[in-house]
Amino acid sequence: MSEAAGPPPAAATPGLPRAAGVAALVLALFFLPALGPGAQFLSRDTGRIHHPTRRWIAERLARGELPEWNPYAGLGAPVVAGAMDAPLHPFNAWLVALPYEVGFKAWVLSCYLLAALGGYALCRALRCGWHASLAAGLAFALSGHLVSSSDNLTFLATLSALPWVFAAAELFFEGGGPGALAGLGAASFLCAAGGDPQGWAVAVGLLLPQALLLRGPARPARG
């Protein structure tokens with residue numbers, strides 16, 4: 001089979017470790033000015049809202065508490081129910097495991113790596129070759145919209161998970177089964193945990209059109 005034939009239906013991510021290494025290197029070069037010890041992502045909403053709020057969330061999580069209510073937002077505001085501050089997002093582990101400023105930077109940069117690999121996984125699920133899939137993933141991660149979203153982590157976290165939802169859905173549509181359904185549920189949770197319910201709703205709403213539009217004549221077997 002040629003490279004363009006793509007992966008088998010049961011695995012949308014062959015070559016993922018290699019793609020992750022290349023993507024991490026490209027992203028590190030792109031964000032090189034932000035990697036210095038004195039640099040931080042603090043533009044607009046990220047600096048005014050997300051940076052201090054996530055510090056408060058990190059302190060609660062480090063004490064083994066779920067930050068359900070923020071008493072410092074106006075007269076108080078729900079955190080888990082509000083979702084905007086992403087208190088249930090897996091990347092919050094960075095904020096607890098690392099010094100806060102380092103963990104916060106890792107939180108942001110991990111979103112871009114997640115976006116790149118999600119784009120890669122989606123293209124592989126659609127039978128694209130390794131190089132084309134990696135290029136598409138990097139193009140998505142470094143698109144103007146995503147790069148500019150570093151000033152609002154609610155949008156960035158949600159957007160970075162979108163291609164994983166569609167990649168997991170494609171595997172489910174092709175093979176079905178509880179494993180594929182669980183993968184779709186996990187991708188949906190990751191997208192919703194970013195804190196933008198509209199972005200998550202758009203992704204879920206597009207799953208039916210995806211199922212209908214991509215179920216055309218039999219596509220070539222993946223190699």
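The values are calculated or read from the model by the stated rules, or taken from the named source; none is laboratory data. All values reported here derive from a predicted model rather than from experimental measurement. Note: ideal-geometry Cβ built from the backbone for every residue, glycine included; neighbour counts use all protein chains shown. Note: areas computed on protein heavy atoms with side chains; ligands, DNA, RNA excluded. Shrake-Rupley method; radii C 1.70, N 1.55, O 1.52, S 1.80 Å.
Things worth noting here:
- Dimensionless Rg ratio for the chain, taking C-alpha atoms and the 2.2 N^0.38 Å reference: 1.07
- Derived from the Cα gyration tensor, the three semi-axes of the equivalent ellipsoid of the range 47-132 are 31, 14, 11 Å, largest first.
- Ranking ALA193, SER143, VAL102 by how far each Cα lies toward the positive end of the dipole of the range 82-223 (charges on Cβ) leaves SER143 at the top.
- With all protein chains modelled, accessible area of HIS145 [1.4 Å, Å²]: 120 Å²
- Full extension of the chain segment joining VAL80 with LEU212 gains 44.1 nm, where the gain is 0.36 nm per residue of separation less the Cα-Cα distance.
- For the peptides 196-206, 113-123, 181-191, the ranking by packing is 113-123, 181-191, 196-206, with the highest mean count of neighbouring Cβ atoms within 10 Å listed first.
- Alpha-carbon centroids, the range 135-155 and the range 18-36: separation in whole Å: 14 Å
- For the chain, hydrophobic long helices are taken as DSSP H runs at least 30 Å long by C-alpha position along their axis with mean Kyte-Doolittle hydropathy of 0.0 or more; these are 100-125, 153-175.
- Of all accessible heavy-atom area on the chain, the percent that carbon and sulfur account for (1.4 Å): 72 percent
- Spin-label model distance (nm) - ALA186 vs ALA135, 7 Å beyond Cα toward Cβ: 3.0 nm
- For the chain, the Cys residues with no second cysteine's beta carbon closer than 4.7 Å are CYS111, CYS191.
- Efficiency of FRET between GLU59 and VAL102 - r from beta-carbon atoms, R0 22 angstrom, step 0.05: 0.90
- With at most 16 neighbouring Cβ atoms within 10 Å, loop GluC sites (Glu not before Pro) (DSSP) excluded, longest segment of the chain: 69-223
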